[in-house]
């Protein structure tokens, strides 16, 4: 039975002289792995539309068990070809698809996250500020996958964590920790009220905007970009169980 969906190309592996194995994040069916017979040919049913990060419309035949799905057709919607003059946008785009590939479960639909990923890639192509644009997507991804940390209430006792010069953020526990519960808790970062407020500004819808769109990512105070990036780097590493490859390039982004 044929399935159709929009998708983003997350990973490509050469399978033979003419075929490829692809990992795609589809809007309707989540992450899928598929064999594209003839996918490396310039002419064919895929119209050279299988480049990394491309936004495509795919047709495929789902298989059961450990057998790869079979990709039968792909039509290009937009090729997110990042300009090397915009290194920040290029690295951010590669990190975005790395996150999708590592965090998403196969065949678990997430249409809102898909739309957010396409929107973010479009903004990066349009040379929006790369670091805050990417961080807005990361917080949105954490929210949509059920991994958004608690920022107001202690994750151990449930009491509201008031502002103080240094607020404990437990990566293993998934959010802020009050002073009474903090003792002996491992893997803690210290954040400030300014950083906590910056996160809320980045992810909270602005009522003055139509369609509930979030505020422009560039609205975050520049002084909070570095601390927020450090917090996300450590938190994402804990969630993934490893350090993402693209972290090595964030210094160049900044």
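What follows is calculated from the coordinates using simple rules that are stated; it is not laboratory data. Please read these numbers as outputs of a predicted model, since none were measured by experiment. Neighbour counts run over all protein chains shown; Cβ positions are idealised from the backbone, glycine included.
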Over the range 53-116: Kirkwood hydrodynamic radius from C-alpha pairwise inverse distances, Å: 14.0
Ranked 27, 81, criterion: other C-beta atoms within 10 Å, fewest first: 81, 27
Spherically averaged projected area in nm², based on the convex hull that wraps the Cα atoms of the range 3-78: 4.3
The range 3-78, relative contact order [Cα under 8 Å, separation at least 6], %: 31
Residue with peak Gaussian network fluctuation, the chain [Cα springs, cutoff 10 Å], from 150, 74, 223: 223
Contact order relative to length of the range 122-188, as percent, for alpha carbon pairs under 8 angstrom and 6 or more apart: 24
Segment residue 70-residue 52, extension gain: residue separation times 0.36 nm, minus the distance between their alpha carbons: 4.7 nm
Rounded, prolate or oblate (a/c below 1.5 giving rounded, otherwise prolate when a/b exceeds b/c) for the chain by Cα gyration tensor: prolate
For the chain, built as a Gaussian network whose Cα springs stay under 10 Å, the top-fluctuating residue of 158, 170, 38: 158
Listed peptides 104-112, 86-94 by packing density, highest first (mean Cβ within 10 Å): 86-94, 104-112
Cα-derived Rg over Rh, computed across the range 12-148 with Rh taken as Kirkwood radius: 0.97
Paramagnetic reach from residue 78 (point 7 Å along Cα→Cβ, amide N under 19 Å) across the range 129-169: 129-138, 140-141
